[in-house]
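Single-structure report; data block below.
Readers should treat all values here as calculations from the given coordinates under stated rules, not as data from a laboratory. Keep in mind it's a predicted model, so treat the numbers as computed, not measured. Cβ placement follows ideal geometry from the backbone for every residue including glycine, while neighbour counts extend to all protein chains displayed.
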Amino acid sequence: MAAFPTADLPDMSGKTVIVTGANSGIGRAAAAAFANAGARVVLAVRDLAKGHATASAIGAPAATVGGAPEVRELDLASLDSIRAFAAAWQGEIDLLINNAGVMAPPLTRTADGFELQFGTNHLGHFALTNLLLPNVTGRIVTVSSGMHLIGRIDFADLNWERRRYKPWRAYGQSKLANLLFTSELQRRLTQAGSPVLATAAHPGYAATNLQSNAASGLQRFAMNQLGNRLIAQDVAGGALPTLYAAVADIPGGSFAGPGILGLRGAPKLVARSAAARDATVARRLWSVSEELTGVSFPDLQSQNKTD
């Protein structure tokens, strides 16, 4: 991992970074790295008590640079919460890190009736990004997964209302949607003449609490007791692709991940599946996501003319 340690982050004094799902795992590790580089970091979290505890833990070593992070409530499984977060925001955003996610839980629905993984991992970040986009000046990083390889966008049943629910297939669909979202977002940003970049990252196999959400007890045991102990890298290593996608000199639409078998090691640009490169599906998914969330791509061209 020496090829891209957190020490490679530039001085981020004066920069504002929002990290969703920053209470634990790679989100917390990324937030700490940004804070220690001098950034103003906003933890966008569902549980405020845990958020304040995280902010205190990060703020102690970061006190001489970026200071303790701010904590704001955000539940990506609720469009009302997302709209409230965006409505309360003022000022520029240098980096928006779409990190929060759930992985392979039993069938659950969001407050708006979406399947939890598709609703949180994709639709929640889709709505949040578009609502905040007029404030973003730098880069939007969306955390996907190597499990996008098993994903398929089923437009006939995106929210698993007709099919027998398969948690891992649903997870794969949501993570594939993250990559399609990133590519279509970058296309729209370029078309609008915006300098903002959209990139994506995946952590490889990192030892986080996501593994504890699996629907099957056997799967939880295998991932926590075997995978996390024998294969996984730690959360700091898992956060490196996110940091790389946020600050490295890479083109919009790039996808970063660990260099060793896609599981661990120093981050680099990595390949994605053919399904994740399908521009036609990406555009269709965007349109459907607008219909489901009621949130559209903002008119950045008019904004650029008035700025």
For Lys50, list the aspartates and glutamates whose Cα falls under 20 Å from its own Cα; do not include residues on the same chain fewer than 8 positions away.
Glu70, Glu73, Asp75
Of all DSSP beta bridges having both residues in the range 1-128, the percent classed as antiparallel (nearest 5) is 10
Extension gain (nm, one decimal) between Gln301 and Ser56, 0.36 nm per residue minus Cα-Cα
84.2 nm
At 4 °C in a medium of viscosity 1.567 mPa s, the range 85-183 has a Stokes-Einstein diffusion coefficient, with Rh taken as the Kirkwood radius over alpha carbon pairs, in µm² per second, of 92
What ranking, highest mean first, results for peptides 161-168, 139-146, 234-241 when packing means the other Cβ atoms within 10 Å averaged over each residue?
139-146, 234-241, 161-168
Taking the Cα-to-Cβ direction at Asp157 and at Asp47 and moving 7 Å from each Cα, how far apart do the two end points lie in nm?
3.3
Using the per-residue mean of other Cβ atoms lying within 10 Å as a proxy for protection, in what order, highest first, do the peptides 280-286, 12-18 fall?
12-18, 280-286
Calculate, in nm to one decimal, what Ala88 and Arg284 gain on full extension: separation in residues at 0.36 nm each, minus their alpha carbon distance.
67.5 nm
